[in-house]
Amino acid sequence: MENIQFIDLFKFRTSIGKTGADNVGGGRWAYLTEWQQGGNSVMGVVNEGAEASPYAWFRETRVGNPNVQWEEALKYNVGVDFELFKGLITGKADLFWDHRQYIITGWRTRGT
């Protein structure tokens, strides 16, 4: 009896990797509160004898979120390549999936 080989190629592939993102859409360092200089205030009563104060004032432009974290995605890939009967049947199959955590989303309140 002759030995018949029908599997010409069988390759199994797998990979795993972790990626991250911090693109919130509102700028960098979402965990920090941001401040902006508003200039100098005017001293005096109803602009009578008004003069500029030597002290600059600041305003809060964005409230920081100390609980924000790097968004993570754990990505998996499993695949197989095969060739049967001296190349009569060939194919590839892949399966991808990922698991995400600490997802950062931007939200707005109604009317803004």
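One table, with the values for the structure above:
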item	result
Yes/no for V42 being modelled with pLDDT under 75 and surrounded by 10 or more Cβ atoms within 10 Å (Cβ to Cβ)	yes
Any chance W57 is at pLDDT below 90 and assigned to a strand (DSSP E or B)	yes
Unmet requirement for N67, which otherwise passes all of (1) under 20 Å from the mean Cα position of the chain (by Cα); (2) surrounded by 10 or more Cβ atoms within 10 Å (Cβ to Cβ); (3) over 30 Å from S41 (Cβ atoms)	(2)
Subset of the stretch 54-71 (residues that are aliphatic (A, V, I, L, M) and within 22 Å of A21 (Cβ to Cβ))	V63, V68
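The values are calculated or read from the model by the stated rules, or taken from the named source; none is laboratory data. Bear in mind the structure is a predicted one, so any value in this text is a computation, not a measurement. Ideal geometry is used to build each Cβ from the backbone, glycine not excepted, and the neighbour counts take in all protein chains shown.
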